[in-house]
Amino acid sequence: MIEQSQKVATRQRASYLLWAALPLLGTGYQIAAKNTALILTGHRFDLDLLITALHTPWALAILVFDIAGFLAWMVVLSAYKLSEAFPLSALSYPMVILVSWILFHEPGSPIQVLGGTIIMTGVWLIGRDSQED
């Protein structure tokens, strides 16, 4: 009996970690995609572009983030209701905005801050609603 409850507790901790990793994996994917795009700047849309992209470490990172995100998402969906899990994917939006400012020195705006705040508030409200079920 204790062994079974330990397995359940371990699975629950693992699913929480995966659930928390989803926005990070999505953000990592976008960082890798942006770096790949920067490398490909100036290339025509042809076979050379594809070959160049496939030879960048960032393209491999895109695949790793995508596969890891898919696997994490499957585990999360097996443990949570879709209505609880899906709002978490929206957290990637404000994270990507923040990363674009910090890593890529893209200009920010008050509207972006407001939008990110609204998204975070919406995720929080949805999460509160699902906790009351």
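The values are calculated or read from the model by the stated rules, or taken from the named source; none is laboratory data. Here the structure is a predicted model, which is why all the values come from computation and not from measurement. Glycine gets a Cβ as well: all are built from the backbone with ideal geometry, and neighbour counts include every protein chain shown.
Here are a few things to note about the model shown:
- In segment 79-124, residue surrounded by the fewest Cβ atoms within 10 Å (Cβ to Cβ) [restricted to those that are at pLDDT below 90 and assigned to a loop (DSSP other than H, G, I, E, B)]: 81
- Applying the condition of being at pLDDT 90 or above and hydroxyl-bearing (Ser, Thr, Tyr) to segment 15-40 and asking which residue is nearest to the chain's Cα centre (by Cα) yields 27.
- Test set (1) more than 19 Å from residue 21 (Cα to Cα); (2) part of a helix (DSSP H, G or I) - residue 75 fails condition number: (1)
- Being of a type outside the set (Ser, Thr, Tyr), surrounded by fewer than 16 Cβ atoms within 10 Å (Cβ to Cβ) and either in a helix (DSSP H, G or I) or without any contact (Cβ under 8 Å) to a residue 12 or more places away in the chain (or both) is a description that applies to residue 63.
- Scanning segment 75-133 for residues that are within 18 Å of the chain's Cα centre (by Cα) and charged (D, E, K, R) returns a single hit, 84.
- Pairing residues of segment 92-121 that are among the small types (Gly, Ala, Ser) with residues that are part of a loop (DSSP other than H, G, I, E, B), at Cβ distances under 9 Å and at least 6 apart in sequence or on separate chains, gives 100/106; 100/108.
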